[in-house]
Structure formats: C-alpha cells, structure tokens
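Below is one structure, written out as structure tokens, with a few remarks after it.
The values are calculated or read from the model by the stated rules, or taken from the named source; none is laboratory data. Only a predicted model underlies this, so the values are computations on that prediction, with no experimental measurement involved. Ideal geometry is used to build each Cβ from the backbone, glycine not excepted, and the neighbour counts take in all protein chains shown.
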Amino acid sequence: MDYLLSFTDVFGESGLLALGGLVIGIIFGFAAQRSRFCLRSAAVEFSRAEFGAKLAIWLLAFSTGVILTQLLFGFEILAASEIRQLTLQGSLSGSIIGGAMFGAGMVLARGCSSRMLVLAGQGNLRAVLNGLVFAVTAQASLRGILHPVRDELAGLWVVSGERLDILGNLGMDHVAGILIGLVWLASGIFFALRSGVGLKGWLGGIGVGVAVGLAWAWTGMLNGQVFIPVKIESLTFTGPSANTLMLFLSPPTGIWRFDVALVPGVVIGSFLASAWARELRLEGFSGGPSMTRYLLGAALMGFGGMLAGGCAVGSLTNASVFALTGWLALLSIFLSAVATDHYLDRQLERHARPDVGEAGTPIPAS
C-alpha cells in the first residue's frame with residue numbers, strides 16, 4: 001500500500017484522506033439518486049405489506065455493504081481491534097432511544113439525512129432547509145445546548161467494547177459474516193425480482209453498498225500509512241453534517257477530513273445523476289403544516305442520530321462490522337418508522353380519504 005504515499009506529495013495527507021471522502025460521496029450520491037435508495041421508503045413498504053422495489057433496493061445495498069466489509073476483514077485491511085464500534089464502550093440506550101427518534105423523524109421529514117442530501121442535489125429546497133435544521137440540531141447535540149440531555153440518555157445503558165462485537169462474542173469470524181450477508185442478499189434478489197426492479201435500481205442499490213465498503217477500505221488502508229491520525233470509518237451523515245456546518249461557521253483550519261468531504265460529495269453525485277437523467281428541478285414546501293412536519297422530523301433525526309451513534313446509513317455502516325449498537329439502532333430506526341407510518345401517516349390518509357378502507361379499497365356507501 002506504499003503507492004498511496006506517492007499521492008501525498010500532490011494532495012497532502014489530510015487532502016488525500018478528504019479526496020477519498022469526496023469521491024466515495026459522489027459514488028454514493030449518484031447511486032442513491034438513481035436507485036431512490038431510502039430506508040424510510042423501505043419501512044413504509046414493509047408497514048403496508050407491499051414488499052416492493054424500495055425494500056428490495058435497501059436490502060441489496062445493506063447486503064452488499066455487509067459482504068464487502070466482511071471481505072475486508074478477510075483480506076486483513078480491517079481488524080476488529082482497530083474499529084472503534086467494536087472496541088470503545090457503547091450506549092445501548094442511545095441506540096434504542098436515538099434510533100426510535102430518528103425513525104419517527106425520517107417518516108415525518110419524508111426521508112432520512114442521506115436522502116435529504118440527495119434531494120438537495122436535485123434542487124429540492126425543502127431538503128436544503130431540512131438538512132440545515134438537521135445539522136444544527138446534530139451540532140447542538142454534539143457540543144451545544146442539547147449535549148447534557150444526550151449524555152444523560154446515552155448513560156442509561158452502557159456496555160464495554162468487548163461486548164459489542166457480535167461475531168467475536170459468538171465465536172465466529174468474517175466467513176460467518178459473509179454468509180449472513182449472502183442470506184440478506186438472497187432476500188434482496190428475491191424481492192427485486194418479485195417487484196420488477198429495473199437496471200438502475202439493481203446497480204444503484206448495489207452501488208450504495210459498494211460505497212460503504214469503499215469507505216471502510218479507504219480509511220483502513222490509510223490508517224498507519226500516513227503520519228496524521230486516521231479514524232477508520234465508513235459512511236454516516238449525522239456527525240459529518242454537523243462538522244461540515246462548523247466548517248462554514250468557524251475560522252478555516254486548512255485541514256480537511258474524510259467525513260467533511262463526504263457530505264458535499266453526496267450532493268455533487270446526486271446533482272450529476274439528476275442532470276444526466278434530466279431530473280433537476282426546484283421544489284419547495286407545499287404549505288405551513290407540511291413545513292412544520294418536515295422541520296420537526298429533521299430536528300428529531302439530528303438529535304436521534306447523534307444519540308444513536310449514526311443515521312440510517314451510519315447504522316447500516318455500523319451493522320456491517322457486526323457492532324451490537326449498529327444492529328440495535330438499525331432495528332430501532334426501522335421499527336419506529338414502521339410504527340410512525342402505521343399510527344400517524346395511514347391514519348391521516350384515512351381521514352383525508354374517508355372512502356378508502358384498510359387495504360386501500362373503496363368502502364361501499366352505506
């Protein structure tokens with residue numbers, strides 16, 4: 001891997017790390033825009049027993065990310081002892097409570113934090129404002145006025161690092177992780193074939209998973225190869241959104257990091273995909289009530305994502321290394337989104353359309 005060091009003469013060490021974040025962000029943004037990758041949409045399909053293309057695309061992305069990440073352990077590019085999600089103490093209460101808040105928030109906001117970045121790249125002004133509220137709330141939760149509340153909730157149930165490695169505690173290794181990923185991949189393929197997912201859905205869903213693996217590989221390879229400290233990480237958008245916000249609000253330091261470059265990369269990738277598909281268009285809010293709903297959802301995601309240790313994509317990333325906190329957060333996000341859709345959105349739809357029944361069929365007039 002010494003060949004990587006030759007590029008530091010051109011970009012510098014921090015610049016090289018950030019360049020990887022930018023490129024991987026572009027790949028993610030392009031793939032997510034073309035495939036309409038979105039955990040919220042997948043959860044809504046599950047809630048309504050539709051099991052369609054959105055769920056299939058999410059499963060393709062998730063399984064690809066798991067398989068590639070576990071292969072990196074097999075090739076010794078990653079080591080469990082160097083992954084903070086598997087070594088530092090973790091908050092199970094944060095994963096559960098924060099995940100539930102994030103899941104409810106993404107249903108209210110009509111998309112998770114990564115989806116907001118993708119929509120912003122398409123010209124969606126609602127997503128831009130939502131993203132700003134999300135980033136401000138995340139920053140307030142990280143270092144600001146909401147920090148004590150986050151610490152209090154996170155401290156309710158904390159476990160040591162050695163208890164977070166699911167595979168290690170079960171006496172398994174990366175081979176078992178790959179097999180589990182293949183099971184998820186098989187389910188994704190089944191639902192994709194069943195729902196008639198098109199080529200862009202297949203490629204985009206798999207592309208999102210590839211971006212997760214590439215991020216782990218990039219930071220894993222640079223760790224120990226450069227003099228600056230490199231945090232081994234992959235895709236997540238809660239902390240990076242807060243850090244990107246502070247980049248514009250704080251005096252410039254001249255130091256770019258992987259996570260800070262990742263966020264604009266996603267927007268650029270989405271913009272390129274939208275321009276290529278001729279889907280660029282300006283969109284805004286449809287009215288006051290919808291604006292309140294979206295902004296509340298963005299705030300819930302900002303606090304919940306920081307408490308849970310990651311957004312919807314961040315939890316997918318953490319789950320790909322089989323961190324207990326990642327799987328708990330992902331499950332909590334999904335179940336909360338399903339419950340919010342079932343008990344809120346579907347009820348609102350029934351009130352708005354009283355002639356529609358439980359299964360979406362017209363109710364006979366009495």
Single residue of region 1-26 satisfying the filter (modelled with pLDDT of 85 or more and among the aliphatic types (A, V, I, L, M)) that is nearest to GLY121 (Cα to Cα): ILE26
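So that you can scan it fast, the table gives a plain yes or no per residue for (1) touching a strand residue (DSSP E or B) at 6+ places or on another chain (Cβ under 8 Å); (2) farther than 22 Å from VAL136 by Cα; (3) among the aromatic types (Phe, Trp, Tyr):
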{"site": "MET221", "(1), (2), (3)": "no, yes, no"}
{"site": "LEU245", "(1), (2), (3)": "no, no, no"}
{"site": "TRP256", "(1), (2), (3)": "no, no, yes"}
{"site": "VAL260", "(1), (2), (3)": "no, no, no"}
{"site": "GLY305", "(1), (2), (3)": "no, no, no"}
Of all residues in region 159-185, which are of a type in the set (A, V, I, L, M, F, W, C) and under 16 Å from LEU68 (Cβ atoms)? LEU167, VAL175, ALA176, ILE178, LEU179, ILE180, LEU182, VAL183, TRP184, LEU185
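Please work out which residue is surrounded by the most Cβ atoms within 10 Å (Cβ to Cβ), limiting yourself to region 321-336 and to residues that are out of contact with any Leu (no Cβ under 8 Å at 6 or more places or on another chain) and of a type in the set (Gly, Ala, Ser).
ALA329
Within region 224-237, is there a residue that is in a helix (DSSP H, G or I), of a type outside the set (Lys, Arg) and either surrounded by 14 or more Cβ atoms within 10 Å (Cβ to Cβ) or in contact with an Asp or Glu (Cβ under 6 Å, 6 or more places away or on another chain) (or both)?
So far as region 224-237 goes, no, none of its residues is in a helix (DSSP H, G or I), of a type outside the set (Lys, Arg) and either surrounded by 14 or more Cβ atoms within 10 Å (Cβ to Cβ) or in contact with an Asp or Glu (Cβ under 6 Å, 6 or more places away or on another chain) (or both).
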Does region 316-335 contain any residue that is out of contact with any Ser or Thr (no Cβ under 8 Å at 6 or more places or on another chain), under 15 Å from ILE97 (Cβ atoms), in contact (Cβ under 8 Å) with a residue 60 or more places away in the chain and of a type in the set (S, T, N, Q)? no
Just a yes or no: is a residue in region 341-353 part of a loop (DSSP other than H, G, I, E, B) and either surrounded by fewer than 24 Cβ atoms within 10 Å (Cβ to Cβ) or at pLDDT 95 or above (or both)? yes
From the set of residues in region 84-120 that are in a loop (DSSP other than H, G, I, E, B) and within 18 Å of the chain's Cα centre (by Cα), which is surrounded by the fewest Cβ atoms within 10 Å (Cβ to Cβ)? ARG110
Taking the condition farther than 27 Å from LEU307 by Cα and basic (Lys, Arg), does ARG257 pass? no
Cβ-Cβ distance below 9 Å, separation of 6 or more or different chains: which pairs start in region 45-65 with a residue that is without any contact (Cβ under 8 Å) to a residue 24 or more places away in the chain and surrounded by 24 or more Cβ atoms within 10 Å (Cβ to Cβ) and end on one that is among the charged types (D, E, K, R) and outside any helix (DSSP H, G or I)? LYS54/ARG36
Against the conditions (1) under 18 Å from SER234 (Cα atoms); (2) out of contact with any Phe, Trp or Tyr (no Cβ under 8 Å at 6 or more places or on another chain); (3) of a type in the set (A, V, I, L, M, F, W, C), where does ALA211 fall short? Just the number, please. (2)
Cross-chain or 6+ apart pairs with Cβ under 8 Å, region 214-225 first and under 14 Å from ASP259 (Cβ atoms) and of a type in the set (Val, Ile, Thr), then in a helix (DSSP H, G or I) and modelled with pLDDT of 90 or more: THR219/LEU17; THR219/GLY20; THR219/PHE258
